[in-house]
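Structure first, commentary second.
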Amino acid sequence: MNNSVGNTARLLGAGLRALLVLTIVCGVIYPLAVTGIAQALFNDKANGSEIKDGSGRVVGSSLIGQTYDLPKQNPDDPEEAAEPDLKWFQPRPSNGLGSNSVNTQYSLILSGATNKAADNPDLVKLVEDAKAAVIADNSTATYKVEPSEVPADAVTSSGSGLDPNISPEYAKIQVHRIAERNHLDVRQVEKLVQDNTTGRTLGFMGEPRVNVLELNTALKALTES
């Protein structure tokens, strides 16, 4: 009996020591080490890839898309559709899994796609309506958007619904509207898009892209200069 009690006590003692050591190593030392390395080597990414305006105010993350809409006339009416503020570059559609009351900058409650088939009537109507809106919104007195110029990302949401980027082609067809609404020269806006276009990763992965938040932050700085 004494041997049994002694063995049990030794096992309990060993288990408690192992628990204490693993708690310190895995719960304290490892997280602090990883956090320290991340802050030292990847400070921007570790803090959420924040984007700041000229005054140093955080305006969002380069990883999460935002909408640029006019204020609603009746904010308490959930049925009132938001109208895009056309003085800003517009992102991809965000009609993914529904509306939310937490991240009001993008109309999603969860990250995800609609999972609707390409021939789904609701999806077809969404795309057709979005294409008509893109043509109407971006055609000006001196520039007409042709239906063949509208890229896929202008009328479809991404797989996550949170894509912060648009294609250079979508940015290009917005240039004349942006120039007109902000009283800028078209060449100024074209250069703005060019300066904020990122090429393929390592030269061969992915597609060229334009981060909409970074682009609109640069546009705001240009209009205020």
- Just one listed residue, out of LEU219, LEU213, LEU184, is in the same structural domain as THR140 (by TED's automatic domain parsing), over 19 Å from ALA154 (Cα atoms) and in contact with a Ser or Thr (Cβ under 9 Å, 6 or more places away or on another chain), and it is LEU184
- Task: State yes or no: is ALA113 within 23 Å of PHE89 (Cα to Cα) and in contact with a Gly (Cβ under 9 Å, 6 or more places away or on another chain)?
- Result: yes
- Message: On the basis of being assigned by TED's automatic domain parsing to the domain that holds ALA113, surrounded by 13 or more Cβ atoms within 10 Å (Cβ to Cβ) and in contact with a helix residue (DSSP H, G or I) (Cβ under 6 Å, 6 or more places away or on another chain), does GLN174 make the cut?
- Response: yes
- Within region 34-57, of all residues that are outside any helix (DSSP H, G or I) and of a type in the set (Ser, Thr, Tyr), the one nearest to LYS220 (Cα to Cα) is SER55
- Scan region 136-170 for residues that are among the aliphatic types (A, V, I, L, M), assigned to a loop (DSSP other than H, G, I, E, B) and farther than 18 Å from VAL124 by Cβ and report the count. 3
- Quick one: SER49 ticks every box in (1) at pLDDT 85 or above; (2) on the phi < 0 side of the Ramachandran plot except a single one, so which number is it? (2)
- Task: Being of a type in the set (Gly, Ala, Ser), over 22 Å from ILE64 (Cβ atoms) and modelled with pLDDT under 95 narrows it down to one of ALA141, ALA179, so name that one.
- Result: ALA141
- Residue match in region 171-183 (condition: touching a strand residue (DSSP E or B) at 6+ places or on another chain (Cβ under 9 Å), without any contact (Cβ under 8 Å) to a residue 12 or more places away in the chain and part of a helix (DSSP H, G or I)): no
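Results for (1) assigned to a helix (DSSP H, G or I); (2) without any contact (Cβ under 8 Å) to a residue 24 or more places away in the chain; (3) not small (Gly, Ala, Ser), shown as yes or no for each residue.
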site: THR8; (1), (2), (3): yes, yes, yes
site: ALA14; (1), (2), (3): yes, yes, no
site: LEU20; (1), (2), (3): yes, yes, yes
site: THR23; (1), (2), (3): yes, yes, yes
site: LEU32; (1), (2), (3): yes, yes, yes
site: ILE64; (1), (2), (3): no, no, yes
site: THR67; (1), (2), (3): no, no, yes
- Message: Just the residues that are touching a residue at least 12 places away in the same chain (Cβ under 8 Å) and either more than 15 Å from ASN165 (Cα to Cα) or out of contact with any Gly (no Cβ under 6 Å at 6 or more places or on another chain) (or both), please, taken from region 187-210.
- Response: GLN188, VAL189, GLU190, LEU192, VAL193, ASP195, ASN196, THR197, THR198, GLU207, ARG209, VAL210
- Query: Which condition number in (1) loosely packed, with under 10 Cβ neighbours inside 10 Å; (2) in a helix (DSSP H, G or I) is the one that ALA81 fails?
  - Reply: (2)
- Task: Would you check which residues across region 115-168 are surrounded by 12 or more Cβ atoms within 10 Å (Cβ to Cβ), acidic (Asp, Glu) and over 18 Å from the mean Cα position of the chain (by Cα) and list them?
- Result: ASP129, ASP137, GLU149
- Are any residues in region 193-225 closer than 18 Å to VAL59 by Cβ and under 18 Å from the mean Cα position of the chain (by Cα), and if so, which ones? ASN196, VAL210, ASN211, VAL212, LEU213, GLU214, LEU215, ASN216, THR217, ALA218, LEU219
- Message: With the requirement that a residue be of a type in the set (A, V, I, L, M) and more than 11 Å from THR140 (Cβ to Cβ), what does region 174-188 give you?
- Response: LEU184
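The values are calculated or read from the model by the stated rules, or taken from the named source; none is laboratory data. What you are looking at is a predicted structure, and each value in this text was computed from that prediction instead of being measured. So basically every Cβ, Gly included, is an ideal-geometry build from the backbone, and we count neighbours across all protein chains shown.
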